[in-house]
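Heads up: the structure comes next, in structure tokens.
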Amino acid sequence: MQLIDGKAISAQIKKEIAEEVTKIKAAGGKTPHLAAILVGHDGGSETYVANKVKSCEEVGFKSTLIRYENDVTEEELLQCVERLNQDADIDGFIVQLPLPKHISEQRIIEAIDYRKDVDGFHPINVGRMSIGLPCFVSATPAGILELLKRYEIPTQGKNCVVLGRSNIVGKPVANLMMQKGYPGDATVTVCHSRTPNIKEICQQADIIIAALGVPEFLTGDMVKDGVVVIDVGTTRVPSTETKSGFRLKGDVKFDEVSEKASYITPVPGGVGPMTIISLMRNTLLAGKKEIYK
Ligand code: GUN
């Protein structure tokens, strides 16, 4: 079994991005600038956004954090989005999800200029991705494909099972794995909460991408020998052993599944670190106007 080390790969990519930013600056080019909108004080969102801002500093980007309290109105947020759309110095921006219930996430996402949508959540980017056109691919699916690529894991003709059908991970990663080329060219099956025979389907899989958010869902008896397992789960469970008072649990029962797997991602240290680095890469592409002019 080989551990897929997302922490090491993301550190390597971070270095590559930082080197490119140094070159851009030396040539008198524009410093890429990412803005993030954070609403409220959800612990998970606070951590994610703080890490995004920190990563920007580490690769040499400019970053701007815009905060609102939970009682912000949809109208105020839409105005903020419009301001960022118009701001020529901002190359890309994200609105951290989830948003409070009184705000339509879809309305906010669709208000973002797709050319600045470095999260890849706007329907134009989702649509372009699904037909294989250049676009911003959302961070987690992009990070997963990058891991498969850097470990040179074969995907062509393989049975790839995606567990979960979220808009952020399940749907886009299933789509990318079936696209022509590498990593892709896989035969993809998507399982979800209404799939009756998940165990039998998983037992046929060469690659399993687990993204349901159910801790330790995938057990040893559900996989075949040699399977490649990508664990996207990051459920926070209380813990007395960490400073923060919680720890992350994946969707895979690691001890059991790692005994049979050829490659497997740990939690933490697998997909997680790749997600932020994919956002940094999208911001670099936005800064260079490489996808959209
Ligand atoms: N919430 C959980 N994941 C993400 C993400 O990738 N982007 C944003 N904006 N919010 C999230």
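The values are calculated or read from the model by the stated rules, or taken from the named source; none is laboratory data. For clarity, every value in this text was computed on a predicted model and none was experimentally measured. As a convention, Cβ positions derive from the backbone with ideal geometry for all residues, glycine included, and neighbour counts pool all protein chains shown.
Keeping to the stretch 158-169, report how many residues are surrounded by fewer than 24 Cβ atoms within 10 Å (Cβ to Cβ) and either out of contact with any strand residue (DSSP E or B) (no Cβ under 7 Å at 6 or more places or on another chain) or closer than 26 Å to Pro98 by Cα (or both).
As a first pass, look at the stretch 158-169 and keep what is surrounded by fewer than 24 Cβ atoms within 10 Å (Cβ to Cβ): 158-159, 165-168.
Filter once more, so that each one left must be either out of contact with any strand residue (DSSP E or B) (no Cβ under 7 Å at 6 or more places or on another chain) or closer than 26 Å to Pro98 by Cα (or both): 165-168.
Result for the stretch 158-169: 4.
Hey, can you tell me all the residues within the stretch 18-68 that are of a type in the set (Val, Ile, Thr) and either out of contact with any strand residue (DSSP E or B) (no Cβ under 6 Å at 6 or more places or on another chain) or in a loop (DSSP other than H, G, I, E, B) (or both)?
Applying the first criterion (of a type in the set (Val, Ile, Thr)) to the stretch 18-68 yields 21-22, 24, 31, 37, 39, 47, 49, 53, 59, 64, 66.
Selection gives Val21, Thr22, Ile24, Thr31, Thr47, Val59.
Inside the stretch 233-288, can you point out the residues that are of a type in the set (D, E, K, R) and under 20 Å from Leu163 (Cβ atoms)?
As a first pass, look at the stretch 233-288 and keep what is of a type in the set (D, E, K, R): 236, 241, 243, 247, 249, 251, 253, 255-256, 259-260, 281, 288.
Passing the criteria: Arg236, Lys249, Asp251, Lys253, Asp255, Glu256, Glu259, Lys260.
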Inset, instruction - Just one of (1) within 16 Å of the ligand (Cβ to nearest atom); (2) under 23 Å from Met280 (Cβ atoms) trips up Pro100, so point out which. - result: (2)
Inset, instruction - For Ile9, indicate whether it is crowded, with 20+ Cβ neighbours inside 10 Å and out of contact with any strand residue (DSSP E or B) (no Cβ under 7 Å at 6 or more places or on another chain). - result: yes
Legend entry - Subset of the stretch 229-240 (residues that are more than 17 Å from Gly170 (Cβ to Cβ) and in contact with a strand residue (DSSP E or B) (Cβ under 7 Å, 6 or more places away or on another chain)): Arg236, Val237, Pro238, Ser239
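So which strands (runs of 3 or more DSSP E) stay within the stretch 182-293 end to end and still have 1 or more residues that are buried (at least 19 other Cβ atoms within 10 Å of the Cβ), at pLDDT 95 or above and in contact with a Cys (Cβ under 7 Å, 6 or more places away or on another chain)? Give the derivation first.
Working: elements: 187-191, 207-210, 228-231, 235-238, 246-249.
The qualifying strands (runs of 3 or more DSSP E) are 187-191, 207-210.
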Inset, instruction - Specify the residue that is nearest to Ser244 (Cα to Cα); the eligible residues are those in the stretch 27-44 that are modelled with pLDDT of 95 or more and within 16 Å of the ligand (Cβ to nearest atom). - result: His41
